[in-house]
1. Between Phe348 and Ala690, what length in nm is gained on full extension when 0.36 nm per residue of separation is reduced by their alpha carbon distance?
2. Going by Cα centres, the range 79-158 and the range 430-491 are how many Å apart?
3. What ³J(HN,Hα) values, in whole Hz, does the Karplus curve 6.51 cos²θ - 1.76 cosθ + 1.60 give for the range 97-106 when θ = phi - 60°, with x put for Gly and Pro?
4. Please compute the modelled spin-label separation between Glu600 and Leu77, points set 7 Å along Cα→Cβ, answer in nm with one decimal.
5. Would you mind putting 420-427, 239-246 in packing order, based on average other-beta-carbon counts within 10 Å, highest first?
6. Using the basic label-point model (7 angstrom from Cα toward the beta carbon), what is the Glu759 to Arg702 distance in nanometres?
7. So if we plug the beta-carbon distance of Glu623 and Thr341 into 1/(1 + (r/R0)^6) with R0 = 51 Å, what FRET efficiency do we get, rounded to 0.05?
8. Where does each of 127-134, 343-350 land if you order them by average Cβ count within 10 Å, highest first?
Amino acid sequence: MVKILASVFILALFVYGVGFYGNASHAFFPSLRLLQDTQWDFSLFWFLGADKLRAFFLLVPLGLGFLGWAHFFQRRLFPLFDHKSAQWFGFFLALCFFSLYVFGLGINEILYGPLVFLFFVPALGRGWAEWRAVSDSWKGPPKNKTVLLLALPLLLWLSEYLSAPIVWDAVLDHFRYAKEIARLHQIPFHWTNHTGDMPKAAELILAGFWSLGGESLSRMSSALAAVGACGLICLFSKEWGGRGTTANWIFWTCPFFLALFSWGYVEGFLALFEGAALYSLWRAMEQPQNKAWLSLAVFFLGFAFTVKYTAVFAIIAVVVLGFYEIFIEKVKLKLHWSLITFFALPIFPWFFKNWIAFGNPLYPLATFIFGTSFGYGPGMEKGLWQDTGLPQGLGLAGHLGLIWRVFFTPDNAVAAAWTPLVFMALPWAWKALKSRLGTFLFLFSGVFFLGWILFCTNLRHASGGAFALVLIAAMAWEAAFQGKKVGPKILFGVATAFSIWLCLSAQLNSTAPYASALGMEDNLLRLKRHYSLSLDTYAAYHDIQENSDARDKVVAFGVFQAYPLQRTAFVDFAWKKPIFLEWASSCHTAEQLARLLKREGVVFFLYQKAEAEDMYFRSRKFELAGMAQEEYKKFWALYMTPRWVYDNSIVYRLNDNPVSSPPASLLELPGLQEKDFGEMDKDLFHQQTAEGYKVITGWVERNSDVAEGWARQAILESSMGLCGQAAGSGKRAWEQGLWSTDLCRAMAVCLGKLKKSREENRWSARAFQRQNFIDRACDLGLAEGTDP
């Protein structure tokens with residue numbers, strides 16, 4: 001009875017954390033976003049339904065191909081394994097080698113659908129025979145009818161695979177990278193930011209499917225990781241004498257795993273291969289005479305490392321566990337030098353690529369060993385570690401708070417809560433630890449989460465350790481179910497129902513999968529909900545894509561990420577010294593800089609004014625070491641033409657030849673102007689309005705050729721009621737080519753107060769025209785499928 005009460009207390013604590021702690025009530029109660037963001041356009045149903053139906057049909061030959069390859073590896077490599085283990089590990093190896101196959105095509109710039117399909121052709125016949133054997137051996141519905149109830153959470157997962165991925169930065173880092181590979185038919189050497197140059201083996205699986213059947217098929221391919229995890233659960237359950245039902249209930253009803261394995265993340269693949277390495281190590285300890293198990297363990301660890309560098313937590317945990325088994329448990333495990341080869345086999349292609357491209361196999365890490373590449377520095381690596389969540393200075397209370405936040409609240413950077421079933425099993429956990437497998441899993445998860453707590457704060461980076469916790473909890477629950485007490489079974493059922501409800505709530509709050517699966521969800525509303533960039537940024541993206549070739553490159557200055565932009569981009573943002581200014585500093589003349597950009601394939605320059613000013617405040621490194629400012633201004637006057645101008649975004653195009661008659665004044669000077677404006681805004685922030693007005697008027701007097709200064713002065717004068725001066729300043733800005741929405745509105749207000757109705761109407765019309773243009777450009781870009 002005490003154990004049941006303790007488990008009930010943990011459930012109550014979880015309900016409080018998920019539903020009522022801080023601002024977490026949204027995770028407990030689903031929102032009405034599904035209705036609010038639905039456009040109810042039934043004309044789209046047939047097209048999108050047909051697209052998804054085509055993807056389902058394509059899954060048939062691809063699935064048969066994987067079955068055939070699994071049988072090939074089973075016969076060739078695992079003749080001494082039991083049948084189930086050989087089948088599943090054949091499937092895992094098929095996934096690995098499909099990723100390496102796509103890498104080979106991508107690195108040679110021949111990543112086309114027919115060539116990708118060649119991977120499956122040799123295995124189709126054997127796959128069909130395997131499918132017939134599996135179907136013939138099926139003995140009808142299971143005797144335990146509770147297993148059939150798993151259809152409920154599986155339907156929730158299925159709706160996610162039919163919908164589009166959510167537009168979050170963490171998802172776009174993976175899913176859009178796969179799209180870029182499929183679009184360019186090659187692996188780009190510089191993706192939208194530094195993380196794109198890390199090993200991305202899981203994204204290649206998505207990219208291969210994308211080249212075969214587009215976005216729908218690629219999204220469905222992420223289910224391969226979930227299917228493999230289910231197989232691992234069955235294999236582990238067999239090792240402790242369980243049926244696997246309990247562990248599957250915990251896994252399939254966990255909102256956190258629903259997010260990892262179906263929302264577009266790749267950490268599902270990370271958990272799969274870390275789990276495969278863990279199972280291989282366990283079998284190696286049980287069968288030390290079979291060298292194949294230990295070789296598989298190190299191979300899958302290496303492949304997990306090519307999915308994400310945070311696999312280092314699992315690698316360290318496996319090494320510690322291996323030493324424990326050898327020196328404490330006295331397992332006579334023979335280590336051999338070929339293990340290094342098995343570990344390096346999946347890693348080598350990525351390391352070799354980065355060595356050739358950047359002179360650093362571990363790029364973008366280990367810059368203190370291998371140095372830095374162009375446009376990259378130690379400060380950027382520090383920013384990367386901080387982005388991963390390096391918990392510096394948390395202290396004991398901080399680390400305890402971290403555990404509370406990621407396991408008992410929705411604040412785990414995934415927006416899908418953890419399941420209460422894991423920690424509710426703690427009162428019976430000692431029974432699981434009495435078995436050797438329980439101790440094995442406990443040591444692995446203990447070392448894993450010790451490293452994670454010290455160096456990370458994001459739970460999705462600990463997906464392999466989270467998977468091990470599910471196995472331990474399943475062992476504990478199955479021990480609790482023994483005997484005649486019904487209390488643990490009732491408690492398990494209540495917590496399971498609560499977890500399913502949280503899965504549904506997470507979907508309705510975050511992804512609206514049912515509307516997007518049918519094509520009803522409004523893309524623009526979805527974009528505004530999940531992404532922080534302004535609408536004029538997407539209008540600029542649309543302009544670039546409609547007026548450029550697929551292989552043209554873009555310098556995105558002051559753009560945090562350019563994932564929605566379907567062009568290879570050099571992204572300069574607050575974490576690093578901009579690569580564009582690095583290029584400028586390496587040149588002495590405007591002509592040299594223009595030639596350098598053409599050699600790099602740069603055609604467009606996307607400039608975000610407000611973000612660039614923020615970059616200056618953070619880094620204060622906007623310096624041109626090798627180029628005089630006059631040459632820099634000459635470059636912008638002769639070689640860069642502003643093509644599209646929005647309130648905060650400007651798109652320049654690189655001229656093939658210098659213009660014969662440069663403009664009298666420049667609209668912007670990226671890399672220089674924001675420095676002066678940054679200092680001015682800093683003064684304005686600390687001054688009263690009247691004193692701030694003196695600062696800005698003095699600045700404009702010294703820089704009368706910069707239109708942005710006159711525009712800011714006009715807006716400030718309008719807010720102070722100086723209508724006559726505001727009209728004059730606004731006119732100067734207008735004459736130099738700048739007319740933002742804010743300026744037009746301020747001018748209309750001032751001219752209205754001056755009772756100049758004709759000019760007031762003209763400026764009001766300009767404001768309306770300006771805003772309408774931005775809105776139409778954004779709507780057009782989204783409606784025509786420019787994937788934001």
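The values are calculated or read from the model by the stated rules, or taken from the named source; none is laboratory data. Bear in mind that the values here come from a model prediction, so they are computed numbers and not experimental data. Cβ atoms come from the backbone with ideal geometry, glycine included; neighbour counts cover every protein chain shown. Only protein heavy atoms, including side chains, enter the accessible area calculation; ligands, DNA and RNA are left aside. Shrake-Rupley method; radii C 1.70, N 1.55, O 1.52, S 1.80 Å.
1. So the extension gain works out to 116.8 nm.
2. 28 Å
3. Calculated HN-Hα couplings, in order: 6, 5, 4, 5, 5, 5, 4, x, 5, x Hz.
4. About 4.1 nm separates the two model spin labels.
5. 420-427, 239-246
6. 3.0 nm
7. Efficiency for this residue pair is about 0.60.
8. In descending order of packing, they fall as 343-350, 127-134.
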